[in-house]
Amino acid sequence: MASSSSSRHSSNNKLAESENASAENSNNMSWGIELWDQNDNLAIHTNRGIDALDKYANFLRDRVAIETEYAGKLRRLVKNYQPKKKEEEDNEFTSMQAFRNLLKEVGDLAGQREVVSESLQLQIIQGVTLLSKTLRDDRKKCLSDGAMLQQNLSTQLSSLERAKRNYEKAYRDSEKAVENYKKADMDLNLSRAEVERYKTIMTSKIQQSDDAKNEYANQLQKTNNLQQQHFSILLPAVLSRLQELDEKRTRGIREFIIGAAEVESSVAPIIARCMEGIVKAGESINEKEDSFKVIERYQSGFTPPTDIPFEDLSKLDPDSLQDHYSNSMSNHLTMRGTMSANKIKKRVGIFNIFGSNKNSLTADGQKEDFSDLPPNQQRKKLQAKIAELQQKIAQETNARDGLMKMKIVYETNSSLGNPMTVEGQLNESEHKLEKLKIDLKKYQGYFERANQAQVANNSPQANRNQLQNGHRTSRHSNGSADDHHDEGDDQPDDAGSLSSSSASPESGLGTSHTSLPGSGQGSANENAIGEDAYFETEVEPLQPLGTCRALYPFEASSEGSIPMNEGEELQVIEIDQGDGWTRVRRANDSNGWDEGFVPTSYIECTLYA
């Protein structure tokens, strides 16, 4: 075992040494040394490399266009398939609710594709474009410097070639002059003066040849020095710069490809959650629940007709046969109306001239108390109307309480604002609240009368249906039955429970709980009665209910609000009462406190236990 371990250790050392050696060799590899004579090919290569970078940028632009188009089409698809207003009544079915949730998840999915598109545009494409421009500028300068170095070397080589030709010509002339002098010196017919002239010419040519030789030697030395410097220092430096920018381009492509993948990977968890939401929406569909809701929607409350007795016409008086036939037709029409109660409606006179004005019509042509509907449908409509009015009363009560608190704050600290600015809004809110309460009382009366009429007209079969499993079914304020029981189970005590539900926690009325000391909980009427006590407790110093941290910066632009910076810690002294504002407090530089309201959606609260 020890020998195998040592052998593995030695093999690992050899592998590390080979990797280090290859790394050193790669570091020593230089275009200036290895490719000193491939300047033209390197220029072509670097240009193709930058073209490849531009091609990748174009690919990303086309990808961004596809992502943007895909996100836009997804959003249009979601918009086109949003439930229409006339389909709102179908929203209670689990299948329709699941479809709406699916549309929401697809909308979120479109948003993530938009995030991918924007991130690729801002982070990747702009970086690729900037890198491409920088590389082209650097390459142009490198090639210009290399061309200048090559021009200097070519000029020096031309000077050397010219000096060499001059030296060759001068040397030939000197040799010819020496030969002519020797011939003249051996010719006895020439005078001494002629011989001296040839000697002078020979001496001059020899001198010129020596000068040309020296010039050639000087130019050769200069050329060799320049050539050596050119190929060992100057040109390698230019080629190394080309190598650096090409490696920079290659490294940039690697980083951009990885960055583009990371952009998409960053939204993958959110897309996965969208898919989970779609699956959850599908799993929420309950066919039994939808079937029960169909019963709830269309159940008329009438009992099926009893057996038709046999009547022996021979025992009837002939004069009563016509009346008997008319009664039979009337019963037949009554049964037809029972089976298709939603389609057969009483016609009203044109412009209501021939009709009764005792009960005004709603926007959809139905009576105000829905008495033209079957009993169950009438009570269901009245329950829905009562729940709607209770919700509006709760919202208006919260709005009124918020205005009252703002007015009290303004009266306590006039620097925050003028209390008369909210007086008009407060009066208008009180009028709306009073009208809503009157409408609620009216519809509760309609509901009580409908229940009384239902009890009076109940058949034994209906009475038996009122009890299921030995207990009476209870109902929520929205008209849905517990334990999925039918709507034909209501009793007169339901009306009483709905009449009193305006002060229940479910209705949201009368439970406007302020965080002020001594405010407590109570009904809307109790708040109105104890208004003086409420005003007295508002001016007391408020104890902090907890702390909050600002999620976003907020600039106070309205009276009563205070600014805050992102991440700032504040004290919570009043929680949101449904108006979207939370009252906070912070210490100021003058050893005092600043109080005011901030948007609830801008903060993260941590309340004390």
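The values are calculated or read from the model by the stated rules, or taken from the named source; none is laboratory data. Remember, predicted model here, so these are calculated numbers, not experimental data. Please note: Cβ atoms are built from the backbone with ideal geometry, for glycine as well, and neighbour counts cover all protein chains shown. All accessible areas refer to the heavy atoms of the entire protein, side chains included, with ligands and DNA or RNA removed. Shrake-Rupley method; radii C 1.70, N 1.55, O 1.52, S 1.80 Å.
Per residue, the range 178-270 exposes 66 Å² of solvent-accessible protein surface, assessed with a 1.4 angstrom probe and all protein chains in place. 3J(HN,Hα) along the range 188-194: 6, 7, 7, 7, 5, 5, 5 Hz, from the Karplus curve 6.51 cos²θ - 1.76 cosθ + 1.60 with θ = phi - 60°, whole Hz, x for Gly and Pro. Per atom type, the range 127-204 shows carbon and sulfur on 53% of its accessible surface, probed at 1.4 Å.
Under the shape rule built on the C-alpha gyration tensor, where the axes satisfy a ≥ b ≥ c, the range 117-223 is prolate, since a/c reaches at least 1.5 and a/b is greater than b/c. Think of the range 42-186 as a dipole: +1 on every Lys or Arg Cβ, -1 on every Asp or Glu Cβ, centred on the Cα centre; then among L143, V106, L122, L143 lies furthest on the positive end. With protein chains left intact and a 1.4 Å probe, residues in the range 23-103 average 69 Å² of accessible area per residue.
When the pairs K367/K435; K288/K437; K104/K441; K140/K164; K85/K293; K288/K441 are compared against a 29 Å limit on Cα-Cα distance, K288/K437; K104/K441; K140/K164; K288/K441 fall above it. Amide H contacts for S561 (H built 1.01 Å from N in the peptide plane; partners 5 or more residues away or on another chain; cut-off under 5 Å): F597. Note that the range 222-238 has calculated 3J(HN,Hα) couplings of 4, 5, 5, 4, 5, 5, 4, 5, 5, 7, 9, 10, 5, 5, x, 5, 5 Hz, one per residue in order, obtained from phi through the Karplus relation 6.51 cos²θ - 1.76 cosθ + 1.60 (θ = phi - 60°); glycine and proline are x.
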